[in-house]
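First the structure, in the form of structure tokens, and then the observations on it.
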Amino acid sequence: MIEVRRYSSDYFNEWNNFLNKAKNSSFLFDRNFMDYHSDRFIDYSLMIFDNNQMVAIIPANINEYQLISHQGLSYGGIILLDNLKFAKVIFIVKEVLIYLKNNQIKTFFLKFIPRVYHTRPCDELDWVIFKVKAKTYRRDTALVIDNRSFQIPYQERRKRSIKKGAQQNILIKEGIEELEPYWNTVLVPNLYAKHGLLPVHSLAEIEMLTSRFPDNIKQHNIYLDNVIVAGCTMFINKQVAHAQYISGTDIGKDSGCLDLLFDHLIKNEYSQYNYFDFGICNENGGHFINKGLLDWKEGFGARTIAHDFYEVDVNNVILLDNF
């Protein structure tokens, strides 16, 4: 019998242990990561049990009559046990929608975890979402290098820039102690000057998270004549190395140092991962492509994957009665 329960701290260990058994998981779903901003969201994460065995989880928060894939995370959706079969996934989604309906929740907003994070085929959810007539309300485009296949050569401009950077007095450093100079000297000033924004994570938050997940969060900086000019914060999962924060000063870009840093990350630091994920290149809810950013990321041989966001009317659960 399938049962849906709302997460509580009593399930902390069971939730975290489940992540190692799931086929579309991420360290972002670890409660030690999710709960760092628990004061900003009303957590309404769900757990699904089949005969008292946890078979799925949903990292989520609630906003009035809406259940939302957790707004403090880049992706989410329904996280499934490694060996689940198609029919069981359908029953799981059906029971989740019935649970939401019974708790006066009208709409379920999902942002799926991109396929490159799947450790096994996991498209059952795509069919179920189609079956309940979900609306696609956003589609992001991320740029990814597939290290499993023949590498697309760098564009000539990237090659020249990397060569230029390598001819200068540079030093690449990695470590938690590199977060402070990057945040305060490069990332925060650049984001604020260009977009009037601050990073999603404050310096204190990213330092805390890095201390909790030293194998999953790493900071890489490059120095020119002993002055920091660019850096990248990497979020690392089982088979995906994701560039979470990328930034460089004007000198860092013009000198070729930013390109040199990424050449080092792609070819040396993270070549053993199936994918190197540069992150998205779109803005305005997925409707606008930042062409300069697109060109820069494609210049390293990265190509596009889609990251989809769906809106589900829970009343459409009746459409799952017959399949």
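The values are calculated or read from the model by the stated rules, or taken from the named source; none is laboratory data. None of these values were measured; they are calculated from a predicted model. All Cβ positions, even for glycine, are placed from backbone atoms using ideal geometry, and neighbour counts span all protein chains on display. Protein only, heavy atoms only, side chains kept; ligands, DNA and RNA dropped before computing areas. Shrake-Rupley method; radii C 1.70, N 1.55, O 1.52, S 1.80 Å.
Quick one: count up the residues across segment 176-210 that are of a type in the set (Val, Ile, Thr) and open to solvent by less than 70 Å² (accessible area, probe 1.4 Å).
Number satisfying all stated conditions: 4.
Is it fair to say Asn216 is closer than 30 Å to Lys23 by Cβ, under 24 Å from the mean Cα position of the chain (by Cα), polar (S, T, N, Q) and open to solvent by 30 Å² or more (accessible area, probe 1.4 Å)?
So Asn216 fits the description; yes.
Could you tell me whether any residue of segment 275-287 is of a type in the set (A, V, I, L, M) and either touching a helix residue (DSSP H, G or I) at 6+ places or on another chain (Cβ under 9 Å) or surrounded by fewer than 18 Cβ atoms within 10 Å (Cβ to Cβ) (or both)?
There is at least one residue in segment 275-287 that is of a type in the set (A, V, I, L, M) and either touching a helix residue (DSSP H, G or I) at 6+ places or on another chain (Cβ under 9 Å) or surrounded by fewer than 18 Cβ atoms within 10 Å (Cβ to Cβ) (or both).
Return the residues of segment 132-158 that are part of a helix (DSSP H, G or I) and open to solvent by 90 Å² or more (accessible area, probe 1.4 Å); say none if nothing qualifies.
Listed by number, the residues that qualify are Glu156, Arg157.
Within the set of pairs 6 or more residues apart or between chains, which connect a residue that is more than 19 Å from Tyr44 (Cα to Cα) inside segment 12-29 to a residue that is assigned to a loop (DSSP other than H, G, I, E, B) and open to solvent by less than 20 Å² (accessible area, probe 1.4 Å) with Cβ atoms less than 9 Å apart?
Pairs that qualify, where the first residue is more than 19 Å from Tyr44 (Cα to Cα) and the partner is assigned to a loop (DSSP other than H, G, I, E, B) and open to solvent by less than 20 Å² (accessible area, probe 1.4 Å), are Lys23/Cys122; Asn24/Gly77; Asn24/Ile78; Asn24/Ile113; Asn24/Cys122.
Can you name the condition, by its number, that Lys94 falls short on among (1) over 28 Å from His242 (Cα atoms); (2) free of Cβ contacts under 8 Å to residues at least 24 places away in the same chain?
(2)
Name, by its number, the condition in (1) in contact with a Ser or Thr (Cβ under 7 Å, 6 or more places away or on another chain); (2) over 20 Å from Phe130 (Cα atoms); (3) among the hydrophobic types (A, V, I, L, M, F, W, C) that does not hold for Met34.
Tallying (1) in contact with a Ser or Thr (Cβ under 7 Å, 6 or more places away or on another chain); (2) over 20 Å from Phe130 (Cα atoms); (3) among the hydrophobic types (A, V, I, L, M, F, W, C), Met34 fails exactly one: (1).
Show me the strands (runs of 3 or more DSSP E) entirely contained within segment 188-297 in which 1 or more residues are touching a Cys at 6+ places or on another chain (Cβ under 7 Å) and farther than 22 Å from Thr119 by Cα.
217-224, 227-236, 240-248
Would you check which residues across segment 256-274 are buried (at least 23 other Cβ atoms within 10 Å of the Cβ) and of a type in the set (Asp, Glu) and list them?
Asp259, the sole residue that qualifies.
Within segment 273-294, which residues are farther than 19 Å from Tyr75 by Cβ and touching a residue at least 40 places away in the same chain (Cβ under 8 Å)?
Ile289, Leu294
Being part of a strand (DSSP E or B) and crowded, with 18+ Cβ neighbours inside 10 Å is the filter here, so list the residues in segment 298-322 that pass it.
Matches in segment 298-322: His307, Asp308, Phe309, Tyr310, Val312.
Mind checking whether some residue in segment 243-255 is surrounded by 15 or more Cβ atoms within 10 Å (Cβ to Cβ) and over 24 Å from Asn190 (Cβ atoms)?
Scanning segment 243-255 turns up no residue that is surrounded by 15 or more Cβ atoms within 10 Å (Cβ to Cβ) and over 24 Å from Asn190 (Cβ atoms).
Taking the stated definitions as given, is Asn237 within 20 Å of Asn147 (Cα to Cα) and touching an Asp or Glu at 6+ places or on another chain (Cβ under 8 Å)?
no
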